[in-house]
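Presented below is the structure to which this report refers.
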Amino acid sequence: MTALIVVVTTFLVPATARADVTDVNLSVAFDRLSADRVAAITLTAKSASEITEVKAIVEHQSEEGAWSQLATVPLSLADGTANDGTWTAGYQTDVEAHPGATRFIAEITSAGEVTRTNAWQYIDNCYELSITGITSSPAAIDADTPLTIAGTVLAQKTRDAQPEPAADVPVWNVTSPVRTGADGTFSFTHLYTSFTSLEAQAGWGYDQWCEVSEFAPSPEITRQTVELSAEIVTPQPVKAGDEVTVEGRLQRNGADGLVPVAGVWVAAHVTSATKEEVASTYTKPDGTFRMTFAAKESGPLTVQSAERDIVWSGTASPGQITVEGDPQFSEVELTPSPVDYEKPIRATGLLADGGTPIADATVWLLYSPDGENWQKMKNGQTTSAGRFDLQSTETTQDGFWRVWYQSADGATTASSDVHQVKVRFGTLLDEYKAVSGPGATVTVQGRLLRHDGSKLGQELPIYVYFMAEGESTWELQGTTTTSVTNGTFSKQFTSYQDGYWTAAFWGNDDFTRSNAPIEYVDVPGQYTTKFAEFGASPATVPSGESITVKGLLTRSVGGGAAEAAPEKPVYVYFLPAGSQTWEQKALLQTGADGRFEKAFTAEEDGYWTAWFFGDEGHLSVNSGSRLVDVR
């Protein structure tokens, strides 16, 4: 909003006024940030009989829209003559008493007659506002995630003054207004519907404050899929020119189920030789729509909803528009769907005219990637019974298929329903490896791509299997998921046996199963374990005092560097002096650092020792013994 307003209007002189008042122009210059808030009025005019008086009638508009007179301001001749001159005056506005729309109407007196112009101009007398620090949160949303818009409203009353927080100013969003706090801040929360959901409008509808608006940064929006339904209400067939009505509803797949989507553009198309839009409308608040159009020719009807920020587009195929006298397809089947990449798609059915089969007619199998631009893929002849059977292996991308017929003279056509068919692309499991690691671990990794080496763009499950050497049965070891960005995957397993590892993707509605490469893995020997530290102290202790048994259990592979053996069971034993039987005193667990420790009460002389008895991946080991003299 600029602070300086200059309005210039060329006024027409009413037919009842003297004809010698011509070339009337009025301008009003008003600087909202000036300290005096004076509106400078300038009028230029010509008159053969001289202009004797010029006035400006100043009026103010109420909140109800009515205009009332505030003042009559005389203008003085500032330049030129009474026959061709410029008249000026200043008007002191009062933003507190009369804020908002203020208009100026010129009255010109010439040769004793008053001419009141039939046009006017106005200024907006208000305080300048600005919105700063506007934000939106959270950073990522969908149609079910509340969006919060926050910011600060500042007011600047004069050019020399700094903007200050504006308290109690209304700020509008797409629903209802909120008011700023004492510090000028505001926030409002609502569900995102369109880009206008990001807008904050301050001062709108309030005369004292000049209206201002700002848009918050757009969050990352995840569109939701939709369910579009449509029904041809008018019974078929119809005569050419008859009205056909289509009804339906648009709903999105919300977090808690289907939710109506309002205000989305929906269009209906009939496809004969080409796709033609026949009607369109917007969905109502409950997501419903109703369209009516005149039937021109037979063909499948499709209804499409537009894509919005929060939802994807949708397509519905409610059936055929059938005009009396046109040939028709029936019993049409188009299989399979989905179809594997470059595998045959097959269309079968019946072509008839008024119930009579059309024999030896050329019918075409058509394909379109977008439902609008159609290509002829394969043709064939109907049998004596009017039946056809067409196949095409041009199945390289998702799209739409239909069967089409045109009479030899081109006068009539027929089209089957439009079938949307997905193509399942082949997959390639590439860069596959299965390698052994420390501690009887095996890492399986690779990359899943399209058959042509391009990225899949989806997270997909990879199943990993193992077959021990000498066996003949594969056993599932687990699953992992490919990266959505580059298709890579990696997962670690524990194995104590040599054998074969394989991985595969088993396919879904979008992609066929992959190959299953095999890698042989020679699993290294088990961990060698060792008590790197062990002790029972003190070596001499009075009876009844404490003895501390502690140590460190480590492990290594193939003579490599030792590392801590965490979370392993260590059994502590005591052999009294003169005895032949070891007594179990405690079962301890090593910590993440491989250490263990426990205090015991000294009762008699004897030897202390510790055992780790091993497991599938670790060999057993003894600590040796320590003598403690109890006195």
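Pairs meeting the criteria (first residue in the stretch 88-110 and β-branched (Val, Ile, Thr), second residue not in a strand (DSSP E or B), beta carbons under 8 Å, at least 6 apart or on different chains) are THR93/ARG37; VAL95/ARG37; VAL95/CYS126; VAL95/GLN208; THR102/THR93; ILE105/THR117; ILE105/TRP120; ILE108/THR117. Residue under question is THR292, and the condition is that it be touching a strand residue (DSSP E or B) at 6+ places or on another chain (Cβ under 6 Å), over 21 Å from GLN236 (Cβ atoms) and not hydrophobic (A, V, I, L, M, F, W, C); does it hold? Here the answer is no, as THR292 does not meet what is asked.
Listed by first and then second residue, the pairs with beta-carbon distance under 6 Å, at least 6 apart or on different chains, first residue in the stretch 148-160 and hydroxyl-bearing (Ser, Thr, Tyr), second in a strand (DSSP E or B), are THR148/SER137; THR148/SER187; THR148/THR189; THR152/THR132; THR152/GLY133; THR152/THR185. Within the stretch 227-250, not a single residue is among the basic types (Lys, Arg), on the phi < 0 side of the Ramachandran plot, touching a Ser or Thr at 6+ places or on another chain (Cβ under 9 Å) and at pLDDT below 95.
Applying the condition of being modelled with pLDDT of 95 or more and either hydroxyl-bearing (Ser, Thr, Tyr) or over 30 Å from LEU33 (Cβ atoms) (or both) to the stretch 112-135 and asking which residue is nearest to the chain's Cα centre (by Cα) yields THR135.
LEU476 meets each of the listed conditions (1) in a strand (DSSP E or B); (2) of a type in the set (A, V, I, L, M); (3) under 30 Å from VAL421 (Cβ atoms) apart from (3).
Could you grab me the full set of residues in the stretch 576-608 that are of a type outside the set (Asp, Glu) and in contact (Cβ under 8 Å) with a residue 40 or more places away in the chain? Let's see the steps before the verdict.
In the first step, residues of the stretch 576-608 are kept if they are of a type outside the set (Asp, Glu); the result is 576-582, 584-592, 594-596, 598-602, 606-608.
Passing the criteria: GLY594, ARG595, PHE596, LYS598, ALA599, PHE600, THR601, ALA602, TRP608.
Annotation note: of SER313, SER317, SER305, SER330, the sole residue that is surrounded by 14 or more Cβ atoms within 10 Å (Cβ to Cβ) and more than 30 Å from THR196 (Cβ to Cβ) is SER317.
I'd like to check something: does the stretch 319-334 contain any residue that is farther than 23 Å from THR356 by Cα and either assigned by TED's automatic domain parsing to the domain that holds ALA414 or assigned to a loop (DSSP other than H, G, I, E, B) (or both)?
no
Can you find, within the stretch 487-513, the residue that is farthest from VAL557 (Cα to Cα) among those that are among the hydroxyl-bearing types (Ser, Thr, Tyr) and either modelled with pLDDT of 95 or more or in a strand (DSSP E or B) (or both)? Walk me through how you get there before you give the answer.
The first filter runs over the stretch 487-513 and keeps only residues among the hydroxyl-bearing types (Ser, Thr, Tyr), leaving 488, 490, 494-496, 500, 502, 512.
Right, trim to either modelled with pLDDT of 95 or more or in a strand (DSSP E or B) (or both) and you get 488, 490, 494, 500, 502.
Numbers: THR488: 29, SER490: 23, THR494: 15, TYR500: 22, THR502: 26 Å.
Residue satisfying both the conditions and the ranking: THR488.
Residues that are touching a residue at least 60 places away in the same chain (Cβ under 8 Å) and more than 28 Å from the chain's Cα centre (by Cα) were ranked within the stretch 253-293; the one that is surrounded by the fewest Cβ atoms within 10 Å (Cβ to Cβ) is THR274.
Within the stretch 62-80, if we keep just the residues that are in contact (Cβ under 8 Å) with a residue 12 or more places away in the chain and of a type in the set (Ser, Thr, Tyr), the residue that is nearest to ARG103 (Cα to Cα) turns out to be THR72. Taking the stretch 569-591 as the range and being at pLDDT below 95 and either touching a His at 6+ places or on another chain (Cβ under 9 Å) or not in a strand (DSSP E or B) (or both) as the test, the residues that pass are ALA577, GLY578, SER579, GLN580, THR581, TRP582. On the stretch given as the stretch 98-115, residues that are assigned to a loop (DSSP other than H, G, I, E, B) and in contact with a Leu (Cβ under 9 Å, 6 or more places away or on another chain) total 1. Across the stretch 343-399, the number of residues qualifying as over 17 Å from GLN328 (Cα atoms), outside any strand (DSSP E or B) and among the small types (Gly, Ala, Ser) comes to 1.
Going through the stretch 400-417 one residue at a time, which ones are in a loop (DSSP other than H, G, I, E, B) and touching a strand residue (DSSP E or B) at 6+ places or on another chain (Cβ under 9 Å)? Result: SER407, ALA408, THR412, SER416, ASP417.
Of these, VAL444, VAL484, VAL464, which one is in contact (Cβ under 8 Å) with a residue 12 or more places away in the chain, exposed (fewer than 15 other Cβ atoms within 10 Å of the Cβ), farther than 30 Å from GLY319 by Cα and among the hydrophobic types (A, V, I, L, M, F, W, C)?
VAL484
Here LEU429 fulfils each of the conditions (1) part of a strand (DSSP E or B); (2) surrounded by fewer than 17 Cβ atoms within 10 Å (Cβ to Cβ); (3) in contact (Cβ under 8 Å) with a residue 60 or more places away in the chain apart from (2). Residues considered: GLY535, GLY478. Of these, the only one that is over 30 Å from ASP629 (Cα atoms) and surrounded by 13 or more Cβ atoms within 10 Å (Cβ to Cβ) is GLY478. In the set (1) more than 52 Å from the chain's Cα centre (by Cα); (2) surrounded by fewer than 17 Cβ atoms within 10 Å (Cβ to Cβ); (3) more than 25 Å from THR443 (Cα to Cα), the condition left unmet by GLY591 is number (1).
Results for (1) within 26 Å of ASP509 (Cα to Cα); (2) without any contact (Cβ under 8 Å) to a residue 60 or more places away in the chain, shown as yes or no for each residue.
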| site | (1), (2) |
| --- | --- |
| PHE329 | no, no |
| GLY349 | yes, no |
| TYR367 | yes, yes |
| GLN375 | yes, yes |
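For the stretch 514-524: of the residues being assigned to a loop (DSSP other than H, G, I, E, B) and of a type in the set (A, V, I, L, M), which is surrounded by the fewest Cβ atoms within 10 Å (Cβ to Cβ)? Within the stretch 514-524, the match that is surrounded by the fewest Cβ atoms within 10 Å (Cβ to Cβ) is ALA516. The single condition among (1) over 12 Å from ILE105 (Cα atoms); (2) at pLDDT 90 or above; (3) exposed (fewer than 12 other Cβ atoms within 10 Å of the Cβ) that GLU63 does not meet is (2).
Restricting attention to the stretch 520-536, the residues being of a type in the set (Asp, Glu) and modelled with pLDDT under 95 number 1.
The values are calculated or read from the model by the stated rules, or taken from the named source; none is laboratory data. Every value quoted in this text rests on a predicted model; they were computed, and no experiment measured them. Virtual Cβ from ideal backbone geometry, glycine too; neighbours counted across all protein chains shown.
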